[in-house]
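In what follows, a structure is listed as structure tokens, so that the remarks can point back to it.
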Amino acid sequence: MMKTFKMKGLAALVPLLVLLTGCSDKIAVLNPQGPVAREQYHLIVWSLIMMSLVLAIVLIIFIYVLVRFGRKNNKGYDPNNTGNRKLEIIWLIVPVVICILLAVPTVRTLYALNDPPKATAKAPASLHSNAMTIDVTSVDWKWLFRYPGQNIETVNYVVIPAGIPVNFRLHAYDAMNAFWVPELGGQQYTMTDMSMHLWLQADKPGTYAGRSSNYSGQGFADMTFNVLAKSASDFDSWVSDVKKNQPALTMNKYMQLLKPDNVKPMTFSSYPKELEKNLNKAQMEGKQTGKSTDNSMPGMNMSGNNGKGGYNP
Amino acid sequence: MQNITNFLSHFFVTGDPMIYGADASIALASIGIVVVLTYFKKWKWLWDEWLTSVDHKRIGIMYIIAALLMLFRGGVDALMMRTQLALPNMHFLNAEHYNQVFTTHGTIMIIFVAMPFIFGLMNIAVPLQIGARDVAFPFLNALSFWLFFFGAMLFNLSFVIGGSPDAGWSSYAPFAGAELNPGVGQNYYLIGVQISGIGSLATGINFLVTILKMRAPGMTLFKMPMFTWSILITSVIVIFAFPAFTVALALMTIDRLFGAHFFTIAAGGSPMLWANLFWFWGHPEVYIVLLPVFGIFSEVIATFAHKTLFGYVVMVWSMIAISFLSFITWLHHFFTMGNTAPVNAFFSISTMLIAIPTGVKIFNWLFTLNRGRIEFTTPMLWALAFIPNFTIGGVTGVMLAMAPADYQYHNSYFLVAHFHSTLIAGTVFGIFCGLHYWWPKMFGYLLNEKLGKWSFWVFMISFNICFMPMYFLGLMGMTRRMYTYPAGLGWGPINFIITIGAFGMGLGFIIMALNIVWSAIHGKKDTTGDPWDGRTLEWSTASPAPEYNFAHIPTVSTRDAFEAMKEEKREGRTKPQLPFKPIHMPNNSGIPFIMGGFMFVAGFGFVFEWFWMGIPGLLGVVACMIARSFVYNDHHHIPADEIERIERAAGRLS
Ligand code: HEM
Ligand SMILES: [Cu+2]
């Protein structure tokens, strides 16, 4: 019996080692491909080290007491051993110290993620600036991406320039979803009553898988999209190619997209001006019936960017 | 005619062989129960001895039976999910079914397994541990049970009538609102959980008063057994947390039934309000199902290490600290809902702080074992396994508490793995531990040790096979609540291993069920009332305890009161036998059962928005209250010679 306990202890450490080396590119979170994900990755690795330490201490004491005092007639039996001030203070202080060691980088990272990452490449000409903004709307069960600067709309995939910080402004048309591209960085919810934003940046050109991480009903499992990061020149040629060869998004087509189902990726060379407001379902219905919905809640905009990327419908 | 068939095919869930199977088995089981009861002429026995009982021990047993049945249902749900996820692109369940199954699994496991199981164990042990004859409000206690029971029945009915809820156990708005989630499924959730929630709140009040007012003479607060302490603190959490949930459920019910918009934005409502209210209850709730098992482990570890608990006072203060902190961490469930950095920082740190008192407790348990004489009984194995397995759940909890890292773990299988590591290695190990520990006190015989150990090892090892790989799956990007996943992402093999582990846990549970059946026939009798060499007062009376618990209320002078009594006896200082006096006990009552029945009828009516049914149901509830207020003769006395006869039959007079 004792042996099994010991082996279990060892077995628990092996996966931790595998994790720490993080060698497999299948483990998306441990394979960061951009500054945001990397920042989070460092925090994760640090916490893993500290937590393995805690686990190791507990396991060592656990195994020791079981082996030593699990025998029928062990020598050290002392039923009156019921307290030890010094020890109790030690194991009060040790967790406090560990908490501090974890809390400090946590708070630091929290604040750091508020700011856009530093650009590592030259911006494409079609961007007109050093950062990019994309409006993301989750609609049961698809993702709409709108490029206000380029006047382009894509569905279920998004193209970004590599090495440039991208401000994803997140909205929901109906149910709540969450926008998650693990290799580029952690998720944020998309909601109907408040707009959120998320900075992401890809180091290199490549394809990064994303999906909704908040359950929203039947088609949720298929609510995936790809993020295609392209070099500056490739990005520019993609933009001009879309402008030349793709259809415009009509209001009719848009209304079709709002129906709940899963669709294939699509590309549109422009979108109707009315859509710039990213209306949610209640507002859309209000607009059609002429009734106000009173759900613009400026106080709810807590995205922490001081209105920079802020957005109020 | 057409109308009727149309109605019936919507009323009954149709078109799925699994549902017909469930229909058939429910019908068969009901017929079977009726036949057996009638054949053995047991109806009157059932009514007199059980359904109308206000005896905390009987109520405890009924809680546990119901919770075990619900555990079976929740477990079948889990195995269905794991079968569907065993391989990529499986077609065992479609999206609609899968969504219902994880919703009922989560809701049943938390509300109808973990809580009632704990309520069952505390009903059995707490009055005995504090040397009381019953709880403070025995009638209310029975009512709590029947509200839980009928709430659970209503919730389960959704499987065959009308359709199950599918918005997840957390039922986030706006998805759970009437517009995105039409049909009656979500109503079942709201009303079934509400009915049993009222019972839970009453239980909280009942046990708070019981523990504060009914302790044996001499038992000061800091001489109480640790399990009683944990229940005292849990009761306080219940009283503060449940009202938030009651209100949230009521508001969403109003949204769905009467077209209000508390949680949908159409008229200025806020989905985020639901998240706040839900988790303001939801996080304390996890401590409602965790602190009591901390108490159980404390009792079991002290008993089988044959030592007094190490650091008793610190243990108590740790629990008090946890209960306080549990109310200021709820936001960690939605770090990714657009909070500002200072808000997330506050809740990150408050969550991490919980690790400190929890860590202190772990070390105190380890040092209780230190210098002990450890005896590896089945309850002790569950308690020992808790320490490393729960620590894994705890450290991953700290990792989740670090908000920026949580952006990557949130809603992924990492999270699923984490909360099962705490809910199973904590709560489930704990209730199994308590079940084996107090079984002799409940029934007067022991569960078989050999089968007990088999079920432990099979369950515990399978648990690790099932849930450890999930951490990796989460880091690979698989999110919770996905009904299927494509091949080629490398998720297949891991999912397959997880499914093997899940079925292993099922096997462990079956062995435990076998043990219960086997031991009912062959189990070793407990003639002493103290089969484990226990330390607390519940072991000082007969097994099973007589209706009145203690012929004489014990006087307490130290912690581990019964251990001290035995010590005195060993030293030859026996007290003279006092004469028996008549004992005052509460009368049985059928009203709690009937009132629960009316609640069920009302609840069913409101689920279908049939107010012609719901309102009379509620009137029935009120009528029961009025009827109760006219019951003046609600107690009786057990005469002294009857007590003497019972004590003699139990072999306690010598
Ligand atoms: C045989 C043991 C169990 C297995 C194999 C199991 C499996 C699972 C799986 C696979 C999920 C995730 C479903 C999904 O997100 O797609 C899940 C969810 C959940 N489980 Fe379990 N589980 C088990 C026992 C328990 C127990 C004992 C509890 C609580 C006491 C519990 C509470 C929950 C909760 C609250 C959820 C979340 C449901 C939701 O997302 O709404 N489970 N379980
Ligand atoms: Cu929580």
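The values are calculated or read from the model by the stated rules, or taken from the named source; none is laboratory data. Only a predicted model underlies this, so the values are computations on that prediction, with no experimental measurement involved. Reconstructed Cβ throughout: ideal geometry from the backbone, glycine too, with neighbour counts over all protein chains shown.
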Point to revise | Scan of segment B:33-46 for residues that are surrounded by 11 or more Cβ atoms within 10 Å (Cβ to Cβ) and in a helix (DSSP H, G or I), ordered by number | key: B:ILE33, B:VAL34, B:LEU37, B:TRP43, B:TRP45, B:LEU46
Study note, to complete from the structure: Picking from B:ALA173, B:ALA167, B:ALA142, B:ALA178, the residue that is part of a loop (DSSP other than H, G, I, E, B), away from ligand 1 (no atom under 16 Å from the Cβ) and small (Gly, Ala, Ser) would be B:ALA178
Exercise for review: Using the structure shown, decide if B:PHE175 is more than 21 Å from B:LEU51 (Cα to Cα) and of a type outside the set (D, E, K, R).
Suggested key: yes
Exercise for review: Would you check if there is a residue in segment A:44-59 being more than 8 Å from chain B (Cβ to nearest Cβ), in a helix (DSSP H, G or I) and under 30 Å from A:VAL166 (Cα atoms)?
Suggested key: yes
Practice item. Would you point out which residue out of B:PHE155, B:PHE92, B:PHE150, B:PHE117 is assigned to a helix (DSSP H, G or I), touching a helix residue (DSSP H, G or I) at 6+ places or on another chain (Cβ under 9 Å) and without any contact (Cβ under 8 Å) to a residue 60 or more places away in the chain? Key: B:PHE155
Check your understanding: From the list B:ALA136, B:ALA114, B:ALA152, B:ALA132, which one is more than 10 Å from ligand 1 (Cβ to nearest atom) and either within 14 Å of chain A (Cβ to nearest Cβ) or surrounded by 24 or more Cβ atoms within 10 Å (Cβ to Cβ) (or both)?
Key -> B:ALA152
Point to revise | Residues within segment B:223-263 that are in a loop (DSSP other than H, G, I, E, B) and either surrounded by 23 or more Cβ atoms within 10 Å (Cβ to Cβ) or in contact with an Asp or Glu (Cβ under 9 Å, 6 or more places away or on another chain) (or both), tallied | key: 5
Practice item. Please enumerate the residues belonging to segment A:126-146 that are among the acidic types (Asp, Glu) and either touching a His at 6+ places or on another chain (Cβ under 8 Å) or under 19 Å from A:LYS273 (Cβ atoms) (or both). Key: A:ASP135
Exercise for review: Kindly establish whether B:ALA385 is within 16 Å of ligand 1 (Cβ to nearest atom), within 9 Å of another protein chain (Cβ to nearest Cβ) and farther than 21 Å from B:ASN411 by Cα.
Suggested key: yes
Check your understanding: What residue, among those in segment A:201-239 that are more than 20 Å from A:GLY163 (Cα to Cα) and in a helix (DSSP H, G or I), is nearest to the other protein chains (Cβ to nearest Cβ)?
Key -> A:ALA221
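Condition check ((1) modelled with pLDDT of 95 or more; (2) out of contact with any Leu (no Cβ under 7 Å at 6 or more places or on another chain)) across all residues:
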site	(1), (2)
B:HIS418	yes, no
B:PHE429	yes, yes
B:TRP454	yes, yes
B:PRO486	no, yes
Practice item. Run B:THR484 past the list (1) more than 12 Å from ligand 1 (Cβ to nearest atom); (2) within 14 Å of another protein chain (Cβ to nearest Cβ); (3) part of a loop (DSSP other than H, G, I, E, B); (4) surrounded by fewer than 23 Cβ atoms within 10 Å (Cβ to Cβ) and report the number of the one that doesn't hold. Key: (1)
Point to revise | Matching residues, segment B:250-294, being within 16 Å of ligand 1 (Cβ to nearest atom) and aliphatic (A, V, I, L, M) | key: B:MET252, B:ALA275, B:VAL286, B:ILE288, B:VAL289, B:LEU290, B:LEU291, B:VAL293
Check your understanding: Which of the residues belonging to segment A:160-183 are over 17 Å from the mean Cα position of the chain (by Cα) and farther than 16 Å from A:LYS142 by Cα?
Key -> A:PRO161, A:ALA162, A:GLY163, A:ILE164
Practice item. Consider B:MET109 carefully, then state whether it is closer than 30 Å to B:HIS635 by Cα and at pLDDT 95 or above. Key: no
Check your understanding: Listed residues B:SER421, B:SER412, B:SER455; which is small (Gly, Ala, Ser), buried (at least 24 other Cβ atoms within 10 Å of the Cβ) and at the interface with chain A (Cβ under 9 Å from one of its Cβ atoms)?
Key -> B:SER412
Check your understanding: Can you spot a residue in segment B:92-110 that is closer than 24 Å to B:MET226 by Cα, within 12 Å of the chain's Cα centre (by Cα) and either more than 14 Å from chain A (Cβ to nearest Cβ) or not basic (Lys, Arg) (or both)?
Key -> yes
Review point. Got at least one residue in segment B:507-529 being buried (at least 19 other Cβ atoms within 10 Å of the Cβ) and within 25 Å of B:ARG373 (Cβ to Cβ)?
Key: yes
Practice item. Could you please tell me which pairs satisfy a Cβ distance under 9 Å, a separation of 6+ or placement on different chains, a first residue in segment B:484-495 that is touching a residue at least 12 places away in the same chain (Cβ under 8 Å), and a second residue that is of a type in the set (Lys, Arg) and in a loop (DSSP other than H, G, I, E, B)? Key: B:LEU489/A:LYS26; B:GLY490/A:LYS26; B:TRP491/A:LYS26
Check your understanding: If you check A:ARG85 against the conditions, is it charged (D, E, K, R), without any contact (Cβ under 8 Å) to a residue 40 or more places away in the chain and out of contact with any Cys (no Cβ under 6 Å at 6 or more places or on another chain)?
Key -> yes
Point to revise | Boolean, B:ALA417 is touching a residue at least 40 places away in the same chain (Cβ under 8 Å), within 16 Å of ligand 2 (Cβ to nearest atom), of a type outside the set (Asp, Glu) and in contact with a Ser or Thr (Cβ under 6 Å, 6 or more places away or on another chain) | key: no
Check your understanding: For B:PHE297, are the conditions met, namely being farther than 22 Å from B:LEU384 by Cα, among the aromatic types (Phe, Trp, Tyr) and more than 13 Å from chain A (Cβ to nearest Cβ)?
Key -> no
Review point. Before we move on, is B:GLY474 away from chain A (no Cβ under 11 Å) and either crowded, with 21+ Cβ neighbours inside 10 Å or within 10 Å of ligand 1 (Cβ to nearest atom) (or both)?
Key: no
